[in-house]
Amino acid sequence: MGDAVATIHGNKNVIQTTGGTIASIGLEQSGKKIAGVLVTPATWTLNYVADGSKPSAVDLGIWASGFLSAPAAIVTGFLKAAVDDDINRKLALIQAKEPSKSARFIKACYNFGAAPPAINAMTIANSGGTAWITSVGLWVYITDARDRLVADYVPKEFVTLYRPCKPYRALSTGGFDWEVIRK
Amino acid sequence: MIKNIISCLLIAISVSACSPGKDSEAQTINNDFDVFCEQFTLLTESAEFSQLSSEDRASRLDTKLSGALAPSANAYIAWTAIRNGPPSERYFLYKDAASSAGHNHWECPAVKQHGHEVGSPHR
């Protein structure tokens, strides 16, 4: 039973995308197209209630494209969901190695902005946060309970880590001097 | 609907198979990291380069880049962060950033030679 729950949670986005798509098609074919495109945001709401996860900018773009081209949005959405599930699996591995009180605040850099994760990690360090990549190949960062970046977290395991330099000093450009630590 | 999905996938695979690779000449000449390299090279070749502080050089380059690149361009976002990164690591960071954006073989001699001299001095 535990394995089944873990499998469902690990593939949550694919399952929800498929379910959302089927529901959307059903509603569109019954002449309720607007109701159809509203299905996916409803699943995001459920995710937010269940585990605090929010839709990324890419999710929003795919949802918006649903208004224009349903087949393309379905294919793109399905591929995006598969990527999200892979990220969630790797994120769970990283969280498992960190103290439980911190683990839930560790997030994938993939969702921080529209740039690639490696660039998002640099942006996070420049903004006063700690970002790192582990042996599983996923860039992650950590926030506090109020979603603010944490400057001095030291993960148990990392390959490369970016973080602001002490003493913390905001530069005229708006960022912080930051450093690279490699293991 | 299933037929439509399969058709879309087949078309996407065919287009991908017939397209040139990411490292083809057409894509490496005009990507945003090449624009960054071009502007960086112009800065280092300017007469006043040696007279300016590393922060002033960064300020001038930022002015040039903000006119040449969109704020959402990966190269511009990377530059905004890396200018405050460790001077000795900057070239590797630019290369990492370019690689993450799909430009695996991006090179820029001017950045390699002067990257540590443009940005925060890390006092």
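Values in this text are rule-based calculations from the coordinates and carry no lab data. What you see is a predicted model, and the numbers here were worked out from it, not measured in a lab. Cβ sites come from the backbone with ideal geometry, for glycine too, and all protein chains shown count toward neighbours.
Numerical summary
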| read-out | value |
| --- | --- |
| Members of segment B:84-104 that are more than 14 Å from A:Thr160 (Cβ to Cβ) and facing another protein chain (nearest Cβ under 7 Å) | B:Asn84, B:Ala101 |
| Members of segment A:102-127 that are more than 16 Å from the chain's Cα centre (by Cα) and either within 11 Å of chain B (Cβ to nearest Cβ) or of a type in the set (Lys, Arg) (or both) | A:Met122, A:Ala125, A:Asn126, A:Ser127 |
| Among the candidates A:Ile119, A:Ile94, A:Ile124, residue that is over 17 Å from B:Ala81 (Cα atoms) and surrounded by 15 or more Cβ atoms within 10 Å (Cβ to Cβ) | A:Ile94 |
| Residues of segment A:158-174 that turn out to be more than 30 Å from A:Lys90 (Cβ to Cβ) and either in contact with a Gly (Cβ under 6 Å, 6 or more places away or on another chain) or among the hydrophobic types (A, V, I, L, M, F, W, C) (or both), as a count | 2 |
| Matching helices (runs of 4 or more DSSP H) fully within segment B:48-116 where at least 3 residues are farther than 22 Å from A:Ala125 by Cβ | B:54-68, B:109-114 |
| Residue in segment A:151-183 that is nearest to the other protein chains (Cβ to nearest Cβ), counting only those that are in contact (Cβ under 8 Å) with a residue 40 or more places away in the chain and assigned to a loop (DSSP other than H, G, I, E, B) | A:Gly175 |
| Some residue of segment B:54-62 being farther than 26 Å from A:Tyr168 by Cα and within 12 Å of another protein chain (Cβ to nearest Cβ) | no |
| Test set (1) away from chain B (no Cβ under 12 Å); (2) surrounded by fewer than 22 Cβ atoms within 10 Å (Cβ to Cβ) - A:Val140 fails condition number | (2) |
